[in-house]
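Coordinate-derived values only; no laboratory data. None of these values were measured; they are calculated from a predicted model. Cβ coordinates were reconstructed from backbone atoms using ideal geometry, including for glycine residues, and neighbour counts include every protein chain displayed.
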Amino acid sequence: EKGIDLTIVQDYKLAKDNELRFEVEPNERVKLDLVDGSAEIFGTELVRSRSYIFESGAKIAVFTWFGCSVKLTGKLEACYVSKDTPMVIYLNTHAAVEQLRKTAEQEDIRGPRILVVGAQDVGKSTVCRLLLNYAVRLGRKTTLVDIDVGQGGVAIPGTVGALTVERPADPVDGFDLKVPLVYNFGHTSPNGNIKLYETLISRLADVFNAKCDFNSQIKYSGCIINTCGWIKGQGYQCILHTAQSFEADVVLVLDSERLYNDLKRDLPDFVNVILQPKSPGVVERPRESRRDARDERVKEYFYGPRKIYFPHVFDIKFSDVNIFKIGAPALPDSCLPLGMEQENTQTKLVPVIPGRDLTHHILSLSMAESLEENVVETNVAGFVVVTHVDTDRQVFSVLSPAPRPLPRNYFLIMDIRFIDIH
Ligand code: ATP
């Protein structure tokens, strides 16, 4: 209970269908206890035997279907009870997709593939978490596909990936991220390399399809795809590309009527496009707080939640590894060999000579064992961050969650930096 202001205690009694929303003040911690009745946080049921401790900046909603009493201890930035939630609508969506899973099971066909789209801060990730939790509570094994490179739901920002959810998210720590399938993208917006982004989405879809062929429970349970909030111009094209690659059955549009109408027009008729409200509880995050959240995510990767782990620190010889970046600068059209398309350069592997400018960059360690494999489309084993480069000794120092020796030696450099001031 370190860091919790024990002198501030508040009791709340919630009527059925009400939601208690709170935000933890920066550098404070807050304890939540369920005293009576039943309640859930983003679809995970709370138990009375545990105190839930939330860290600085957490934005939480405790919802109850039947009524409950809870106790909050610690300093809160905002805290209020609301009756105004779209939870019944979301529950109905869950019931409808669960029906599709049942049909899939009976007819041995693919279960529902749901694409969740909307602008920034409409609660896309939260709706995905809710639907996944409700599914797993019924014994489903639904796969979360996260292509929101700004937040990096299954790994760190700048990645896309997939995770089959086999138990509900922890109310504090979220889903268990021990075995996700992760691909290196390298940027925090699809804009950083659209061609690569689309290539990786197609790749994820192929891998998910293969998994469905192999495991019928995964096939019937379907998937839920969390996207990023870029919904205009090329961002819109990426949504279409994703719907097509995954052959989405349902597209859940949060809050944006315009996006809903555009998708209805542009997607085939068999795709069920539905418009649903966002929760008034979703907290808007300014640019700065998004950046902080990204940093926090990377820190958590290396140090674990609440800094319960310590990363390893060691040197790597330049000669022991190969570092690449993805994408070569485009040549003027007139310099291109006949028949070669300009965009091929965007997914090309380019060797990088290690130098001081590598400092603070995050590197993805590819699972590829040889350059004969398609390194760009191979999943990654994990990440290191370069803390120092010594060109005289021809070594660089890294922070790594895994000890030496690393299992592979092809690194992909990300356009994302992390400065370790823990
Ligand atoms: P992005 O644009 O970054 O993809 P998003 O649309 O996925 O964002 P979320 O990450 O789901 O949005 O929600 C934004 C924040 O609001 C999160 O910190 C989440 O915990 C909080 N939040 C979501 N729903 C509620 C609610 N009902 N009450 C209080 N806070 C909430």
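Summary table
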{"read-out": "Sum of -39500 (n - 2.57) over DSSP H runs of 4+, divided by residues of the chain (222 nm, nearest 500)", "value": "-8000 deg cm²/dmol"}
{"read-out": "Cα-based shape type of the stretch 274-422, given that a ≥ b ≥ c are square roots of the gyration tensor eigenvalues and the cut on a/c is 1.5", "value": "oblate"}
{"read-out": "Local net charge near CYS68, Cβ-Cβ under 12 Å (Lys/Arg +1, Asp/Glu -1)", "value": "-3"}
{"read-out": "Per-peptide average of other Cβ atoms within 10 Å, ordering 138-148, 229-239, 29-39 highest first", "value": "138-148, 29-39, 229-239"}
{"read-out": "Spin-label pair ARG50/ILE353, simplified geometry with 7 Å Cα→Cβ offset, distance in nm", "value": "5.3 nm"}
{"read-out": "Distance between modelled label sites at ASP295 and LYS178, nm, 7 Å Cα→Cβ extension", "value": "3.1 nm"}
{"read-out": "Protection-proxy order for peptides 273-281, 397-405, 250-258, each taking the mean of Cβ atoms within 10 Å per residue, highest first", "value": "250-258, 273-281, 397-405"}
{"read-out": "Cα gyration tensor, the stretch 201-244 - rounded (a/c under 1.5), prolate or oblate", "value": "prolate"}
{"read-out": "Pairwise label distance in nanometres, GLN10 with TYR80, each label 7 Å out on the Cα-Cβ vector", "value": "1.1 nm"}
{"read-out": "Long-range amide H partners of ASP390 with built H, under 5 Å", "value": "VAL395, PHE396, SER397"}
{"read-out": "Interchain or long-range residues, amide H under 5 Å from LYS141's placed H", "value": "SER221"}
{"read-out": "Estimated FRET transfer efficiency (ASP390, VAL283; beta-carbon r; R0 51 Å; 0.05)", "value": "0.70"}
{"read-out": "Choice from ILE362, ILE89, ILE308 showing the highest fluctuation, given a GNM over the chain with Cα pairs closer than 10 Å", "value": "ILE308"}
